[in-house]
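Below you'll find the structure, written out as structure tokens, and then a few comments.
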Amino acid sequence: MTVRVRMAPSPTGDPHVGTGYVALFNYALARQRGGKFVLRIEDTDRGRYVENSDQQIIETLRWLGLDWDEGPDKGGPFGPYRQSERLPIYAEAAKRLLEAGHAYYCWCSPERLQEMRADQTARKQPPGYDRLCVGKTREERSRLPGFDPTPVIRMRVPDHDVPLTFNDMIRGVTNAPMPDDQVLIKKDGFPTYHMAVVVDDHEMEITHVLRAEEWISSMPKQLLLYRYFGWEPPRFAHLPLLRNQDRSKISKRKNPAARLLWFQEEGFLPEALVNFLALQGWSMPDGREKFSFEDLIANFDVERFSPVGPIFDINKLDWMNAEYIKELSDEEFIRRAAPFLPGPGQEASLLKLAPALKTRVKRLKEVCDQVEFLYQGKLELEPSMFATSGTPSPRDALLAAEAALEALPAEPFDVATIESALEAVRSEHDWKPGPMYGPIRIALTAKTKTPPNFDMLAALGRDRSLARLRDAIAILAA
Ligand code: GLU
């Protein structure tokens with residue numbers, strides 16, 4: 001049997017972090033078993049459809065490093081892979097259910113359904129469709145109140161023998177609540193999620209469904225549909241929901257990290273995020289926390305999931321991202337940081353600064369502020385910025401640094417040469433580091449939190465360094 005798995009995002013906005021989380025494990029299973037990984041866009045809810053979000057989903061999942069074998073952008077033998085392009089398939093399936101008596105037309109108007117629900121709530125009855133339309137022809141129904149000429153198609157849930165338990169690959173025997181007569185085809189002719197997901201998972205020969213925990217409650221209606229169609233269901237694994245610190249489900253409204261794009265915007269490396277996501281509710285047999293995607297594939301086992309929803313800990317991700325950043329080559333680091341730089345140019349200087357930056361930033365976004373000085377012309381300095389106490393005075397520190405650096409050749413003007421020249425001056429005068437280096441930092445950047453002075457001087461080069469020191473000296477009174 002060829003393993004066929006899928007991710008089935010709904011294009012209702014930019015992708016949720018859970019989409020990346022679930023996709024990652026489906027991808028790992030496909031790769032491990034030499035199977036196929038399918039991307040299917042579930043765009044049947046036209047009310048929630050957001051223009052371009054399928055494109056955004058595709059791009060963001062690619063950024064994460066996931067690669068599917070079949071999908072709307074790639075084609076494949078089971079296409080089309082966008083549900084809105086498969087309406088005749090669902091219509092045909094609904095017809096089969098109608099003919100077999102497993103589904104029926106329902107002409108109840110939205111107003112009638114609303115009244116029915118309000119009434120059920122008032123009487124403390126369980127919610128659910130009251131089956132007014134069951135067994136009625138259009139004519140019969142039209143004589144009753146709350147008739148809408150455009151019907152929906154509902155599934156007929158039997159009174160007995162509904163599959164309320166199933167065997168989940170992570171959770172074992174799992175219970176789910178009794179469903180009511182669900183809508184399968186809406187008034188607009190589009191299928192609901194339950195109808196489309198069952199038809200497509202069957203048609204696309206999906207063997208394993210790894211999806212979020214929130215779909216457990218949908219299992220009875222989906223299993224009923226498999227039974228009605230006479231199809232073998234795939235195997236199911238419901239992955240734990242990612243949770244906020246307060247254990248609530250991660251939502252875009254409450255937590256910026258619910259958006260997959262947020263991680264890209266902040267400058268997390270996709271390989272660090274993949275590693276971090278792989279640790280949510282799942283663990284390596286040897287307990288290792290830092291591992292590559294290849295390691296995940298080699299060790300992946302669905303049964304190693306803990307069903308308890310993991311708490312999303314961004315501090316841990318920051319730590320992990322910093323570790324991955326440190327391991328990048330200087331060239332690769334600058335390439336990855338490029339979208340976060342204040343502007344174009346400065347490549348040579350950035351490369352000199354890379355070793356210092358790599359150990360200082362947790363997110364690539366922080367690079368911008370750290371390198372801003374390279375992109376600035378004359379800085380806006382005020383004497384008050386230099387207020388330090390002790391010896392030397394800021395002016396004397398800058399004069400001494402200027403003289404020491406002027407004595408150096410333009411090449412090599414590197415960290416080691418600069419450090420020994422400035423340290424020689426400092427020990428000659430027996431100055432403390434603070435009063436000596438604080439003013440240099442301000443003169444180079446107009447900031448107090450920066451990369452180390454030696455690295456910044458090397459990155460600026462001799463001429464630009466001397467010019468900045470002189471600009472600062474000029475505004476400090478003798
Ligand atoms: N379209 C559903 C979603 O967005 C897919 C659920 C499933 O995988 O069955 O979550």
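The values are calculated or read from the model by the stated rules, or taken from the named source; none is laboratory data. Since we're looking at a predicted model, the values are computed, not measured. Using ideal geometry, Cβ is built from the backbone for each residue, glycine included, and neighbour counts are taken over all protein chains shown.
Scan the stretch 257-288 for residues that are part of a loop (DSSP other than H, G, I, E, B) and not polar (S, T, N, Q) and report the count. I'd like the intermediate steps shown before the answer.
First, the residues of the stretch 257-288 that are part of a loop (DSSP other than H, G, I, E, B): 267-269, 279-288.
With the extra rule that they be not polar (S, T, N, Q), the set shrinks to 267-269, 279, 281-282, 284-288.
The qualifying residues number 11.
Evaluate the following for residue 70: is it in contact with a helix residue (DSSP H, G or I) (Cβ under 9 Å, 6 or more places away or on another chain), closer than 17 Å to residue 197 by Cβ and either modelled with pLDDT of 95 or more or within 14 Å of the ligand (Cβ to nearest atom) (or both)? Step through it out loud before you land on a result.
On the way: in contact with a helix residue (DSSP H, G or I) (Cβ under 9 Å, 6 or more places away or on another chain): no; closer than 17 Å to residue 197 by Cβ: yes; either modelled with pLDDT of 95 or more or within 14 Å of the ligand (Cβ to nearest atom) (or both): yes.
Answer is no for this residue.
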*Can you work out which of the residues in the stretch 19-50 that are at pLDDT below 95 and away from the ligand (no atom under 11 Å from the Cβ) is farthest from residue 232 (Cα to Cα)?*
50
*Quick one: which residue in 357, 328, 351 is at pLDDT 95 or above and in a loop (DSSP other than H, G, I, E, B)?*
328
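Which residue is nearest to residue 195 (Cα to Cα), if the candidates are limited to the stretch 2-18 and must be surrounded by fewer than 21 Cβ atoms within 10 Å (Cβ to Cβ) and within 12 Å of the ligand (Cβ to nearest atom)? Break it down stepwise before answering.
Narrowing the stretch 2-18 to residues surrounded by fewer than 21 Cβ atoms within 10 Å (Cβ to Cβ): 2-3, 12-14.
Adding the requirement that they be within 12 Å of the ligand (Cβ to nearest atom) leaves 12-13.
Numbers: 12: 19, 13: 22 Å.
The residue in question is 12.
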*Would you be able to tell me the number of residues in the stretch 11-45 that are assigned to a loop (DSSP other than H, G, I, E, B) and without any contact (Cβ under 8 Å) to a residue 60 or more places away in the chain?*
5
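Residues are listed down the side, and each one gets a yes or a no for (1) at pLDDT 95 or above; (2) surrounded by 21 or more Cβ atoms within 10 Å (Cβ to Cβ); (3) assigned to a loop (DSSP other than H, G, I, E, B):
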| site | (1), (2), (3) |
| --- | --- |
| 392 | no, no, yes |
| 396 | yes, no, no |
| 410 | no, no, yes |
| 421 | yes, no, no |
| 427 | yes, no, no |
| 440 | yes, yes, no |
| 449 | no, no, yes |
| 463 | yes, no, no |
